[in-house]
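The values are calculated or read from the model by the stated rules, or taken from the named source; none is laboratory data. Note that the structure is predicted; figures quoted are calculated from it, not measured. Virtual Cβ from ideal backbone geometry, glycine too; neighbours counted across all protein chains shown. When the accessible area is computed, the model is the full protein with side chains, heavy atoms only, and any ligands, DNA or RNA have been set aside. Shrake-Rupley method; radii C 1.70, N 1.55, O 1.52, S 1.80 Å.
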Amino acid sequence: MGNSLPFHWDKDLSELPEGGWDWVFLQAIADHKNSIVPNIQSAIQIAIHPDYQSQGLSTMMVKAMRAIGASKGFKNLVAPVRPNQKSQYPLISIDDYIKWTTDDGLPFDAWLRVHVRAGARIIKPCHQAMTIRGTRAEWEEWTKIKFPQSGEYIIPGALNPMKMNVEKDEGVYVEPNVWMVHEIA
């Protein structure tokens, strides 16, 4: 399954905001509500059932999204990409992580590599791509972890530590992603 959204952007791609996924989702909705004609497309997600992973389907989904953009006359497909292996290194900054490469010079992260091999380039990190807030009880239910005091916690699968404030009964997780661009035309 793949999802993408059209939106309007008239600035340089290097100025895409820190908000990443959250921002582009809200921007596309606002543009639609305000009848603003989109001129660019953003990938939102690609989800492949585990039984079908490692068969090149992700690359096919990226190509399909690019084809949709091309059919609309868009020049670029951008994506706030979630680097899927970053969760193994939650204490490393996204700025440092995206500089890591394989011996052949490709990005260290497998999902970033898929995009690069499909013709994308990294624009920059978006440090606040997705924010998830919840009560202490919600976080304990979601993660099956107890939060006995305020502080930062490593959550399995998370790209950064989550911050729990027991006194305010609020946990906040801010996920970084990486803005990437696929030139369509």
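Return the equivalent ellipsoid semi-axes of the range 56-117 as a descending list in whole Å, where each equals the square root of 5 times an eigenvalue of the C-alpha gyration tensor.
Equivalent ellipsoid semi-axes, largest first: 26, 12, 11 Å.
For the range 45-91, taking Cα atoms only, Rg and Dmax work out to 13.6, 41 Å respectively.
Dividing the convex hull volume of the alpha carbon atoms of the range 1-44 by its residue count, what do you get in Å³ per residue?
Measuring per residue, one finds 74 Å³ for the Cα hull of the range 1-44.
Nearest 10 degrees is fine. How inclined is helix 57-71 to the longest principal axis of the chain, computing both from alpha carbons? Value to nearest ten degrees: 50. Between THR59 and THR135, the simple label model (points 7 Å from Cα in the Cβ direction) yields a spacing of 4.8 nm. Remark: for residue pairs LYS86/LYS168; LYS63/LYS99; LYS86/LYS124; LYS11/LYS124, the C-alpha separation exceeds 19 Å in LYS86/LYS168; LYS63/LYS99. For a straight C-alpha distance cut-off of 16 angstrom, the lysines reachable from LYS163 (same-chain residues fewer than eight places away being disregarded) are LYS144, LYS146. TYR153 sits with roughly 40 Å² accessible to a 1.4 Å probe, with DNA, RNA and ligands left out of the calculation.
In the chain, the alpha-carbon atoms span a convex hull of 138 Å³ per residue. Value of Rg to Rh for the range 86-134, rounded to two decimals, is 1.00; Kirkwood radius and Rg both from alpha-carbon coordinates.
Accessible surface calculations at 1.4 Å, restricted to protein heavy atoms, place the range 65-158 at 57 Å² per residue.
How would SER71, SER93 rank on accessible area, largest to smallest, probe 1.4 Å? It would help to have the intermediate numbers written out before the result.
Details: SER71 90, SER93 45 Å².
Greatest to least solvent exposure: SER71, SER93.
The protection proxy used here, the mean number of other Cβ atoms lying within 10 Å of each residue, ranks peptides 31-44, 109-122 as follows, highest first: 109-122, 31-44. Peptides 175-181, 127-133 ordered by packing proxy, namely the average of other Cβ atoms within 10 Å per residue, highest first: 175-181, 127-133.
With a Cα-only, solvent-free Debye model of the range 92-168, what are the log10 I(q)/I(0) values at q = 0.19, 0.26 Å⁻¹? Summing over Cα pairs of the range 92-168 leads to -0.86, -1.25.
Dividing the convex hull volume of the Cα atoms of the range 1-101 by its residue count, what figure in Å³ per residue is obtained?
Details: hull volume 13.2 nm³, N = 101.
Cα-based convex hull of the range 1-101, divided per residue, equals 130 Å³.
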